Amino acid sequence: MTVALLLIGILVLLLLRVPVAFSFLGPGLAYLVLTDQSVGLAMRLVTNSTASFPLLAVPLFVLLGVLANRAGIADRLFDFALALMGRVRGGLGYVSVGVSLGFSWMSGSAVADAAALSKVEIPAMQRNGYTTRFGLGVVGSSALIAPVMPPSIPAVIYAGLAAVSTGALFAASVVPALLMAAGLCVVVFVLVRRQPDIVQTGFSWAEVRRTGLRVLAPVGAPVLILGGILGGWFTPTEAAAVGALYMLLLGFAYRSLDLRVLPSIFVETVLTTAAIMLIVSSAALLGFVLARERVPQLLSELVLGITDDATVFLILVALLMLVLGTVIDATAVLVLIVPILMPIGLRLDVDPVVLGVLMIVSLMIGLLTPPVGTVLYVLSSTMKVPVGEVFKASVPFTIPLLAVCVLIIFVPGVVTWLPTRLGL
Amino acid sequence: GGGDSSGSGGVELTLAHSYTEDQPQHACGAEVIKEEVEAADAGMTVEIYPSSQLGADADRIASVQSGDIDLDIQGASALAAAYEPIGVIDAAYAFESTEHLAAFFDGEASDTVKADFKDASGVSVLGAWSAGARQFTASEPIREPADLDGLRMRFPGSPQFLLNAEALGAQPTEVAYEELYLALQQGVVDGQENPITNISATNIAEVQDYLSLSSHAQNSNLIIAGPVYDELDADQQQVLDDAVATAVDGLPACVEEEETAQLEEWASSGEIEIVDDVDVEAFSAQTDAWFTDNLEGESLAVYEAIKSSAP
Amino acid sequence: MAPSESASPVGVPPPDAPDARPGPGTEPGGALGRVVRAITGIELGVAALATAMIFVLVLVQAFQRYLPVDGWTWTGELSRYGLVWLTFVAAGVLVTRDGHIALQVVDTLRPAWLVRAVHVLAHLVVAATGAGFAWACWTLIQESGNLTTPSLQIPMSFVYALPLVGFVSTAVRSLLAAVLVLRYGIPASRERDALPVSVNGPEQGARA
Ligand code: NA
Ligand code: NA
């Protein structure tokens, strides 16, 4: 009864535009006060969930993405992809997927990716005869590769919650992220047939070579991060810092960064990180309240009463994530749900790494759906088009993303193959 | 929260800890306390929240102090956040054995540290057990202090464990518990130390070559109680004390059973090589000299009280 | 960090005009606006320093393993508290910049006064929650005197001091935002550029 009231209250607050973090913090605090617990307990819980070593990778990967963006890496990737795809029909569509794929190795969140790339790519498409709708769809959907491909902020958060190795989760996410990119290319292939006004640009090996050389050094960042983890040089959190240091030095070398812009880079990192971490900590408080009310046990009994089959469980998880991902921020869903689903998954012999990648991919689709789809809002505001228009544009592009979820459920090998090969 | 009145007018006690439901601390510890308390029919019930559901160790100490959690199971080194000298209970080779730790907490030798801890924190120590001794795992066998040279060993970040590293002659390096498995697997660090039940629970044997049975510290678990303990009547306090004593008596056998089974499994599977000829004498002589030199004041007094209580 | 637009004094712009007030989010104009921006600068400065500290300490932890030096075993602890400080000290600034992640379904509702009312209500809820947590921080600062952090032995009361600042700031800024929205309507910027990009995107820095 108490729990039902609490959850209804939270839902009302969310609908009333109270920020996600405060929709959890307010009722959480009220619950503790009303059940005669100390008011300090609420603050200790939110502090404690934030003061976690693996979560230090969040500001560090955000910093890496901001640095990569300010250092002009996206532009370099764009030039190179364009040179490669110049003569292909609908080339800018593939370029957009390709740039997102390249940038995904340096960016941990979809929103950063969408904000950084939409302003370069969509005007370029508009100039070359593509419809705005096509541009919005391909940019928005391919931005979802960034949080799946390592480094991934959702993966860092999941690994911390589920006590699985961040390295294994990173490795496990590579193939699904590549499959997402491949699936998006298929949609581009289909849709560009219906774009009669497309203009194609030229192609020259000289241009490929020139632009290719300009992306060589940036590729060093993911090599250093993943190589550093796999080679036994750094822990994932340390690798995040080392990657950011590399990108900083690269920006200095390119003269696209200097000491004067450092404060604004750190401020930008702060604003993004604080928004994410406030949600993590508020969800941890709500998670405590749910644990206190024995909700995990109840839900576990409920799910195990429905099924004892791992595949059915994974299907239920994917459906739940698709639904929750549309109404609550993905980070909050992870912090709330992982502690509940993990024990059930273990009972059913589900590999926690498979569970994690499935949860992340299916949650990310929610970034493209109203009402909470953050990527929609980013594109809507940068491109000055209504949110509904962006949503309609992205619908065909969600098909391959859903297909990847289905593949993970029925062929978990796509997730486990690479970490197994790497001995993780 | 603290001493909520339940429907029948009795006291509902919250018991929190950080172990999984498979570990002996839950099955032979927390569960036994709950059963004993409730069987005594003294108007008390116990609700157990395992697996850090109510917060991580450090966080729950504050909750016990504020009365949000009534009973908890904590390592001495974690309790040092409230009263530093109690951490000495986790000093390397302070105790000779599990039985030594039991004897210390059973007798008067531990009265001073318990009373001082209560004065400093408001928290009562109801009893303590050892959840097994801490052992080294590493990429090399560790038989004598010199074997630690050149090995990057991960020790937990709290001060007492870092003192232990220094006393043992190890080069401690910091890795968060959450990143330990990967760090060992990829060789970021060469080794670590933990009791066998933890090594087994975190699958560390998969990524380490040698388990050296140094038994260099007892992994203490103290059963602590918040302000509610002082509000109970004398009968209820007695019931609670007896319940804890029953769990304290039974737990070492549970741990030993699990350790033996695990060691046998490793010996037969060969997943990790067991080194059982560690020169414990050399290690303990070295740490004793170091602690006698380096501890001061109340911490030294606790150390000496422990040493003099050896059975 | 302060927006470059010249701030118009409170009261000048007509209510509900599309470009009623400058600046991202709900910053007041005039002298009050200057005070708010100065405080914003301080809060963001502290949070940025905490971020830089995390960056440096994690690098130190990574590299000291390979250097012939005695390890600093407190780098992990200090950087973890750095994350606490950066998160909570920036909570108030995010209110003014409308940088908290929120569901924006109500923004599409008609009539406009209803949307405005909901915004005021949301700000009041945030203000109350901020005040509640400021109170929680204050209690902790008072009662955790004898508890210290394990490694550096920093009193836990220090740990909660910056979150206290952040939550007081959250409460005050939300109240201010509620009053401003009630009087002048929802800032125009909220419907266009400012919103999610100011949370997550490069816009923030580019504009600063
Ligand atoms: Na793209
Ligand atoms: Na990524």
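The values are calculated or read from the model by the stated rules, or taken from the named source; none is laboratory data. Note that the structure is a prediction, hence the values are computed from the model and not measured. Every residue, glycine as well, gets a Cβ built from its backbone with ideal geometry; the counts of neighbours run over all protein chains shown. Protein only, heavy atoms only, side chains kept; ligands, DNA and RNA dropped before computing areas. Shrake-Rupley method; radii C 1.70, N 1.55, O 1.52, S 1.80 Å.
Taking the solvent-accessible surface of protein heavy atoms with a 1.4 Å probe, what is the per residue accessible area of the protein assembly as shown in Å²?
Details: 33690 Å² over 943 residues.
Accessible surface, normalised per residue, equals 36 Å².
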query = Can you list the lysines whose alpha carbon is less than 29 Å from that of residue A:392, not counting same-chain residues fewer than 8 positions off?
reply = A:119, A:384
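About its Cα centre, what dipole magnitude does chain B give when the only charges are +1 on Lys and Arg Cβ and -1 on Asp and Glu Cβ, stated in debye to the nearest 20? Let's see the in-between values first.
Values: 9 positive and 60 negative charges, 125 e Å.
Computed charge dipole of chain B: roughly 600 debye.
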task = Give the angle, between 0 and 90 degrees and rounded to the nearest 10, that separates the Cα long axis of helix B:297-308 from the longest principal axis of the Cα atoms of chain B.
result = 80 degrees
request  = Mind running the shape call on the protein assembly as shown? Use the C-alpha gyration tensor, a ≥ b ≥ c as the square roots of the eigenvalues: rounded below 1.5 for a/c, prolate if a/b tops b/c, oblate otherwise.
outcome  = prolate
key: Sequence-distant residues sharing a close amide H with residue B:127 (under 5 Å, placed H)   = B:223
query = By how many degrees, 0 to 90 and rounded to 10, does the Cα axis of helix B:159-168 deviate from the longest principal axis of chain B?
reply = 30 degrees
request  = Could you work out how far apart the two model spin labels at residue A:399 and residue B:242 are, taking each label as a point 7 Å from the Cα in the direction of the beta carbon, and quote it in nm?
outcome  = 7.3 nm
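Looking at the stretch A:166-223, which trypsin sites (Lys or Arg not before Pro) are DSSP coil and have at most 11 other C-beta atoms within 10 Å of their C-beta?
Numbers: sites: A:193, A:194, A:209, A:210, A:214; in loops: A:193, A:194.
Taking the stretch A:166-223 and a limit of 11 other Cβ atoms within 10 Å, the loop trypsin sites (Lys or Arg not before Pro) found are A:193, A:194.
For the protein assembly as shown, give the percent of accessible area contributed by carbon and sulfur heavy atoms, probe 1.4 Å, rounded to a whole number. Could the numbers behind the result be given before it?
Details: 20430 of 33690 Å².
Roughly 61 percent, rounded to a whole number.
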ask   = Once the dipole of chain B is set up with Lys and Arg at +1 and Asp and Glu at -1 on Cβ about the Cα centre, which of B:27, B:285, B:245 lies farthest towards its positive end?
value = B:285
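What is the interface area between chains C and A, defined as buried accessible area summed over both chains with a 1.4 Å probe, reported in Å² to the nearest 100? Kindly include the intermediate steps, with their values, before the conclusion.
Working: alone 11920 and 18270 Å², together 23890 Å².
Summed over both sides, the interface buries about 6300 Å².
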task = Could you point to the residue in A:359, A:269, A:35 farthest towards the positive end of chain A's charge dipole, with +1 and -1 charges on the Cβ of Lys/Arg and Asp/Glu respectively?
result = A:269
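What do you get for chymotrypsin sites (Phe, Trp or Tyr not before Pro) in the stretch C:66-120 restricted to DSSP loop and a cutoff of at most 10 other Cβ within 10 Å of the site's Cβ? The partial results should precede the final answer.
Numbers: sites: C:66, C:72, C:74, C:81, C:85, C:88, C:113; in loops: C:66, C:72, C:74.
Sites meeting the loop and neighbour criteria: C:66.
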Area accessible to solvent at residue B:118, 1.4 Å probe radius, in Å² = 60 Å²
task = Quantify how strongly other chains surround peptide B:105-114 by giving the mean number of their Cβ atoms within 10 Å of each of its Cβ atoms.
result = 0
message = Rounding to the nearest 10 and keeping the result within 0 to 90°, find how far the Cα-based axis of helix B:111-121 lies from the longest principal axis of chain B.
response = 70 degrees
request  = Provide a whole-number value for the mean count of partner chain Cβ atoms within 10 Å of the Cβ atoms in peptide B:68-74.
outcome  = 2
note = Note to self, chain B gives a 222 nm [θ] from helices alone (DSSP H runs n ≥ 4, -39500 (n - 2.57) apiece, / all residues, nearest 500) of -13000 deg cm²/dmol
inquiry  = Mean Kyte-Doolittle hydropathy of 1.6 or higher plus an axial Cα length of 30 Å or more: which whole DSSP H helices in chain A meet both?
reply    = A:166-192, A:262-292, A:387-410
remark   = Of the stretch B:264-285, those with amide N under 11 Å from the point 7 Å along the Cα→Cβ vector of residue B:209 are B:273
key: Under 14 Å from the Cα of residue B:114 - aspartates and glutamates, other chains or at least 8 residues apart   = B:84, B:106, B:298
Residue-count net charge about residue B:147 - beta-carbon cut-off 10 Å; Lys, Arg +1, Asp, Glu -1 = -3
